[in-house]
Amino acid sequence: MLRPLKRRLLPGILALCLLSLLTGCTRSASPALTPAARIITVGFSQVGAESDWRNANTRSMTEALSEENGYRLILSDAQNKQERQITAIRNFIQMGVDYIVLAPTNETGWDTVLTEARAAGIPVIVVDRMIEVADDSLYTCWVGSDFRKEGRNAVRFMEGLNAQDGLRIVHLQGNLGSSAQIGRTAALDEGLAAHDSWQLVYRGAGDFTQAKGQEIVNDLLDAGLDFNVIYSENDNMAFGAIAALKAHGLVPGVDVTIISFDAGRRALEMTLAGEISFDMECNPLHGPRVDNIIRQLEEGIQPPKLTFVSETSFDATITREVLEQRPY
Ligand code: GYE
């Protein structure tokens, strides 16, 4: 059955090839006539470089929105200041970028500048933390983590701790007003409300940095505060806390139980070593997700308004093998 069909097709194909050779109408014969692929310009306003998570996120974005993938990426580091992000967005509008990607420092205060972006017809994709705006049509879509759910997982782990005289908790918060802080704090508050034996002995913002985490825990130990749990809203503050505990002759994981968020490799080494007792994953690899969203928009497909990334958690059961497989 196949042979006769082939025999009938072959002369036709040969004839077509000959025709194109004679007329010079093949693609390779006239590269100048090939339509140039559209280069997509993206302005990305990033929070800063406060943590390992943030650096992994920046890397993921620059790798995915690369020249080889058809992008021109303009990266702007806000050094944790919302005013700088607002200025960056205004610059992107002036430049006439195709898309604006915003990783917002905090939830509120975006209405005016995003109204300007909408007036300029530039779609805004929000990543990582969320924004709270009066009109949801001010942004195209959002992708990131469910921070309250992350916190609830940590609280569930804390419920399994058996401390005879209850939990005396030091709470290191991230940047106040950021979704990551709001969700993780709300979950701890639920836990505190549900357990009479849990006591909050200190709460303060360590701004997601190692230096601030270390400074706070250092000061608390110098002041003689008695606590047995640190709920640290990210790994870098936990690193600082661990350094402070060690400097005071305390053993992290034995004298004080450490709960953390992000679960980057460096932190998972500490989980494997027993210094961090529970680390909740927060996935920073948003680059390919944003690339995917832009490709959909380019094809006229409206991506889901909100996309939550699924995440896992790590405790003493972690193995080196699992750790080695982690991509960040
Ligand atoms: O947990 C922290 C970073 O918004 C999820 O910000 C992000 C948080 C992350 O500085 O390490």
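The values are calculated or read from the model by the stated rules, or taken from the named source; none is laboratory data. Worth saying up front: this structure is predicted, and the values here are computed from it rather than measured. Cβ placement follows ideal geometry from the backbone for every residue including glycine, while neighbour counts extend to all protein chains displayed.
Does residue 126 qualify as being within 16 Å of the ligand (Cβ to nearest atom), surrounded by fewer than 21 Cβ atoms within 10 Å (Cβ to Cβ), at pLDDT 95 or above and β-branched (Val, Ile, Thr)?
So residue 126 does not fit the description; no.
For every residue, the table says whether it meets (1) within 16 Å of the ligand (Cβ to nearest atom); (2) polar (S, T, N, Q); (3) at pLDDT 95 or above.
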| residue | (1), (2), (3) |
| --- | --- |
| 53 | yes, no, yes |
| 62 | no, yes, yes |
| 69 | no, yes, yes |
| 73 | no, no, yes |
| 91 | no, yes, yes |
| 94 | no, yes, yes |
| 100 | no, no, yes |
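If I filter the stretch 174-189 for residues that are touching a residue at least 12 places away in the same chain (Cβ under 8 Å) and among the acidic types (Asp, Glu), do I get at least one hit?
No, the stretch 174-189 contains no residue that is touching a residue at least 12 places away in the same chain (Cβ under 8 Å) and among the acidic types (Asp, Glu).
From the list 276, 294, which one is outside any loop (DSSP other than H, G, I, E, B) and surrounded by 21 or more Cβ atoms within 10 Å (Cβ to Cβ)?
294
Is the stretch 181-204 home to any residue that is surrounded by 19 or more Cβ atoms within 10 Å (Cβ to Cβ) and basic (Lys, Arg)?
The answer is yes, given that some residue of the stretch 181-204 is surrounded by 19 or more Cβ atoms within 10 Å (Cβ to Cβ) and basic (Lys, Arg).
Condition first: closer than 20 Å to residue 161 by Cα, away from the ligand (no atom under 12 Å from the Cβ) and modelled with pLDDT of 95 or more. Can you find one or more residues in the stretch 296-313 that meet it?
yes
Looking at (1) in contact (Cβ under 8 Å) with a residue 60 or more places away in the chain; (2) more than 13 Å from the ligand (Cβ to nearest atom), find the lone condition where residue 106 falls short.
It is condition (2) that residue 106 fails.
Are there any pairs, at least 6 apart or on different chains, whose C-beta atoms fall under 8 Å, with the first in the stretch 244-259 and under 21 Å from residue 191 (Cβ atoms) and the second of a type in the set (S, T, N, Q) and modelled with pLDDT of 95 or more, and if so, which?
If the second residue must be of a type in the set (S, T, N, Q) and modelled with pLDDT of 95 or more, the pairs left are 253/277; 256/228; 257/228; 257/277; 258/232; 258/277; 259/232; 259/277.
Would you mind stating whether residue 79 is touching a residue at least 12 places away in the same chain (Cβ under 8 Å), within 13 Å of the ligand (Cβ to nearest atom) and surrounded by fewer than 20 Cβ atoms within 10 Å (Cβ to Cβ)?
Taking the combined requirement at face value, the residue satisfies it.
Can you tell me which residue within the stretch 35-76, out of those that are more than 15 Å from the chain's Cα centre (by Cα) and under 24 Å from residue 180 (Cα atoms), is surrounded by the most Cβ atoms within 10 Å (Cβ to Cβ)?
43
Please give the number of the condition residue 58 fails out of (1) farther than 19 Å from residue 133 by Cβ; (2) touching a residue at least 40 places away in the same chain (Cβ under 8 Å).
(2)
Which of the residues spanning the stretch 80-132 are assigned to a strand (DSSP E or B) and not aliphatic (A, V, I, L, M)?
99
Could you run through the stretch 136-162 and say how many residues are more than 16 Å from the ligand (Cβ to nearest atom), of a type in the set (Gly, Ala, Ser) and under 23 Å from residue 105 (Cα atoms)?
The qualifying residues number 1.
Go through the stretch 109-130 and report how many residues are of a type in the set (Lys, Arg) and either touching a residue at least 60 places away in the same chain (Cβ under 8 Å) or over 15 Å from residue 92 (Cα atoms) (or both).
Total satisfying the criteria: 1.
If you scan the stretch 133-146, which residues turn out to be in contact (Cβ under 8 Å) with a residue 40 or more places away in the chain and part of a helix (DSSP H, G or I)?
Within the stretch 133-146, just 136 meets the criteria.
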